[in-house]
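A.B. asks: Mind looking over this structure? Questions follow.
The values are calculated or read from the model by the stated rules, or taken from the named source; none is laboratory data. Computed from a predicted structure; not experimentally measured. We place every Cβ from the backbone using ideal geometry, glycine too, and count neighbours over all the protein chains shown. These accessible areas exclude ligands, DNA and RNA; they are computed on the full protein's heavy atoms, side chains included. Shrake-Rupley method; radii C 1.70, N 1.55, O 1.52, S 1.80 Å.
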Amino acid sequence: LEVYITNFGLIGATSEVSLSAMAVIICIVVNIINVIAEEGLFRGFILKVVSEKCNFKVANMIQAILFGVWHIVMCVLGVYDGQMTIPAALVFGIGYVILAGILGIEWGICVNMTGVIWMCVTEHFFNNFIGNILHVVSATGIDELQIVRIVLSNILSLIIVIGISKGKGSRLHNGI
């Protein structure tokens, strides 16, 4: 494992910044802004509004799908920057919608369990921050299968959150 700051990229990080106090502070601030904006929109607003019209399962699925679609911009930027072809972007786009959708479901369940968005804000922040700062280095490269590692860790995290929510019940409507 190596610790340094990078951006998140579907095909691997595209830039590396040496670890310094200022770089860590900027990484933290940018992640806080991003997380508060996304959680406020998807779990704070969309989940709440849609939950008023239908049950939690449907509302959670809708906000998770929208959260997934929101992240397609990463694939568009990959094509625009010349890092991936359009066919590769389509494949990665489907995968990224699924990845972000898994996270959206999980973080919606967190809101459902606690009644507030702060638990998912915190989890979202650490998910992003760890992805930006902790890297797996092998003899053949750095973070070669970063997207696979992230998907698998998020599936495990979702399973754990679902298990906890089944044991604790829910706070919104009729639960999951």
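A.B. asks: If residue 92 satisfies all but one of (1) open to solvent by 90 Å² or more (accessible area, probe 1.4 Å); (2) aromatic (Phe, Trp, Tyr); (3) more than 23 Å from residue 123 (Cβ to Cβ); (4) touching a residue at least 24 places away in the same chain (Cβ under 8 Å), what's the number of the condition it fails?
C.D. replies: Unmet for residue 92, out of (1) open to solvent by 90 Å² or more (accessible area, probe 1.4 Å); (2) aromatic (Phe, Trp, Tyr); (3) more than 23 Å from residue 123 (Cβ to Cβ); (4) touching a residue at least 24 places away in the same chain (Cβ under 8 Å): (1).
A.B. asks: Check the range 77-88 and report whether any residue there is hydrophobic (A, V, I, L, M, F, W, C), touching a Phe, Trp or Tyr at 6+ places or on another chain (Cβ under 9 Å), surrounded by fewer than 19 Cβ atoms within 10 Å (Cβ to Cβ) and not in a loop (DSSP other than H, G, I, E, B). Please lay out each step first, then the result.
C.D. replies: Within the range 77-88, the first condition is being hydrophobic (A, V, I, L, M, F, W, C), and the residues that meet it are 77, 79, 84, 86, 88.
With the extra rule that they be touching a Phe, Trp or Tyr at 6+ places or on another chain (Cβ under 9 Å), the set shrinks to 84.
Of the ones still in play, those that are also surrounded by fewer than 19 Cβ atoms within 10 Å (Cβ to Cβ) are none.
No.
A.B. asks: Among the numbered criteria (1) at pLDDT 90 or above; (2) open to solvent by less than 10 Å² (accessible area, probe 1.4 Å); (3) closer than 18 Å to residue 35 by Cβ, which single criterion is violated by residue 70?
C.D. replies: Going through the list (1) at pLDDT 90 or above; (2) open to solvent by less than 10 Å² (accessible area, probe 1.4 Å); (3) closer than 18 Å to residue 35 by Cβ, residue 70 breaks only (2).
A.B. asks: For residue 121, only one of the following conditions fails: (1) assigned to a helix (DSSP H, G or I); (2) out of contact with any helix residue (DSSP H, G or I) (no Cβ under 8 Å at 6 or more places or on another chain); (3) under 20 Å from residue 44 (Cβ atoms). What is its number?
C.D. replies: Unmet condition: (2).
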